[in-house]
Amino acid sequence: MGYGPTMRNGEVSYWWRALGGAPPRRPSLPGPAEADVCIVGGGYTGLWTAYYLKGLSPRSRVVVLEAAFAGYGASGRNGGWVTAELPGSRDRYARGPRGAVGVRDLEAALRDTVDEVGRVCAAESIRADFVKGGRMSVATSAAQLARLRAGLEHARAWGDGDDVYEFLSRDETRERINVAGALGGVYAPHSARVQPAALVAGLAAAAERRGVEIYEATPVTAIRVATGTAGGAIARTVFGDVRADSVLRCTEGFTAGLPGTRRALLPMNSSMVVTEPLPESAWKEIGWDGFETLGDEAHAYVYAQRTADGRIAIGGRGVPYRFGSAVDHRGTTSPATAVALGQILRRMFPAAASARIEHAWCGVLGVPRDWCASVSYDAASRLGWAGGYTGHGVAAANLAGRTLAELVLGESSPLTSLPWVGHHSRQWEPEPARWAGVHGLYALYRLADRLESSAGSPSRVVAGELLARAGDIVSGIPH
Ligand SMILES: Cc1cc2nc3c(=O)[nH]c(=O)nc-3n(C[C@H](O)[C@H](O)[C@H](O)COP(=O)(O)OP(=O)(O)OC[C@H]3O[C@@H](n4cnc5c(N)ncnc54)[C@H](O)[C@@H]3O)c2cc1C
């Protein structure tokens, strides 16, 4: 497998390059403005919120302010899993007033959301390669298999049947996707594959067709409650203030850049690589005809998809966190991370061993201190926000957007009573504890994975599980 000088690194992502590069820039905010709703951030969360707001209230003036361009963030760089996976912990959400029933409702709503994304893609002619092929989680070691079974048992205890998670034997797993060394898998039908940048570009255009105004190259420097009798809230930019009845923060992994929210969400880094198109002979060997999204059960897990143009795109954590919540420059990742992901890909798919890695990139996702996403709107201050999806944000951002739109308009519905609405997570620790904590966690995960993959010794497997568990407990990661 080659990397070499021809491998592109950054340029936001392969997904944008496949569309011909970053899109033509929309104008910046022309000057001070007034709006009914001002949304800060033009990723899936901000754009879905704007899209549904205009559907519910077509006469409202909805303005989106985006620091770079719509889809510059995680929404234009992700793995393209539109998954119904809960962006948080069942047990933690169940501590809310609606208990376990609320959690079941949230999970059902997320499953419906996968279809809702597909429905809007069809209705708005968004050509995002949406295929609802389900999700495969594959175990390639005894320890991973044990974890897979434990996860399935936990799901069964919550009432999930085969229609939600189905166990697959070694042969059934390999029949779908021939992952080398696969010992078994779990299939979840409620998941789709998309080309992420095509989705966000199409969504931005659909929102504009509904009358949403998107201003790019317009970073918001502060969000605050307006003073005076008119009320409302203000988003401050160098081009002037936008005064609006409501201001919504949809900045996910970039949230630390705004005053007042520096420790709200940790910008967790995730990197991806994509191969050149594989020959037909390789696809014959690999299978993957159902275009399932694919992940493994390692502690430092990977996620992958078969792209519509015949490549494998695979991602995982490289350098998980940069000191002081810093973010990457236009998606450039460390070459060592690209090499490591390439090695995992080659191990999983020997038939792709000679394929060149064509492009590597990275991005940031938002992680709250308790690893549980929230959708919040305060009718008194007129400020709202949604996010903290911990890497499961493609579908969740749609549900969050629909919910935030209803909250802003003062509506109550089954969506506005889901347990992530108003969920509160405490702040992250100040530096250097934050940096040390995340790097320590991933060092433990990598060590645990190494111990588990050096087959044969059960004590190593137990040690690996204990190490990873210790990391989870210290970091507050729920199970
Ligand atoms: C490499 C990678 C792989 C991933 N894979 C998956 C996956 O397969 N499935 C899944 O479900 N999730 C995945 N995720 C997570 C998912 O992509 C995100 O949860 C989702 O895109 C979040 O959307 P968002 O709109 O909230 O944030 P973003 O897409 O990050 O959008 C935030 C936007 O706000 C803008 N912004 C920030 N600050 C300001 C400011 N001050 N003023 C104006 N604008 C501002 C940014 O420029 C950005 O465009 C992945 C994430 C990464 C990084």
All positions within region 227-261 that are among the aliphatic types (A, V, I, L, M) and free of Cβ contacts under 8 Å to residues at least 24 places away in the same chain: ALA230, ILE234, VAL238
Subset of region 2-47 [within 12 Å of the ligand (Cβ to nearest atom) and touching a strand residue (DSSP E or B) at 6+ places or on another chain (Cβ under 6 Å)]: SER13, TYR14, SER28, LEU29, CYS38, ILE39, VAL40, GLY42, THR45, GLY46
Test result for ALA352, within 16 Å of the ligand (Cβ to nearest atom) and either at pLDDT 95 or above or of a type in the set (A, V, I, L, M, F, W, C) (or both): no
Elements of type helices (runs of 4 or more DSSP H) contained in region 363-479, each with 1 or more residues being modelled with pLDDT under 95: 433-453, 458-475
Hey, TYR377 among the aromatic types (Phe, Trp, Tyr), touching a residue at least 40 places away in the same chain (Cβ under 8 Å) and open to solvent by 40 Å² or more (accessible area, probe 1.4 Å) or not: yes
Out of MET268, MET272, sole residue that is open to solvent by less than 20 Å² (accessible area, probe 1.4 Å), under 20 Å from ALA436 (Cβ atoms) and of a type outside the set (D, E, K, R): MET268
Test: residue in region 64-86 that is more than 11 Å from the ligand (Cβ to nearest atom) and surrounded by 24 or more Cβ atoms within 10 Å (Cβ to Cβ): no
Selection status of ARG147, outside any helix (DSSP H, G or I) and touching a strand residue (DSSP E or B) at 6+ places or on another chain (Cβ under 9 Å): no
Condition check for SER28: over 20 Å from CYS362 (Cα atoms), free of Cβ contacts under 8 Å to residues at least 40 places away in the same chain and not in a helix (DSSP H, G or I): no
Pick from region 162-202, criterion part of a loop (DSSP other than H, G, I, E, B) and of a type in the set (Val, Ile, Thr), ranking: farthest from ALA146 (Cα to Cα): VAL194
Any hit, region 384-403, residues being more than 15 Å from the ligand (Cβ to nearest atom) and either touching an Asp or Glu at 6+ places or on another chain (Cβ under 8 Å) or open to solvent by 40 Å² or more (accessible area, probe 1.4 Å) (or both): no
GLU216 vs. criteria over 30 Å from ALA433 (Cα atoms), in contact with a Pro (Cβ under 8 Å, 6 or more places away or on another chain) and not aromatic (Phe, Trp, Tyr): yes
Top-ranked residue of region 34-63 - restricted to ones that are polar (S, T, N, Q) and in a loop (DSSP other than H, G, I, E, B), ranked as surrounded by the most Cβ atoms within 10 Å (Cβ to Cβ): SER60
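The values are calculated or read from the model by the stated rules, or taken from the named source; none is laboratory data. Bear in mind that the values here come from a model prediction, so they are computed numbers and not experimental data. Don't worry about glycine lacking a Cβ; one is built from the backbone with ideal geometry, like all the others, and counts go over all protein chains shown. Just so you know, the surface numbers come from the protein's heavy atoms only, side chains and all, with ligands and any DNA or RNA stripped out. Shrake-Rupley method; radii C 1.70, N 1.55, O 1.52, S 1.80 Å.
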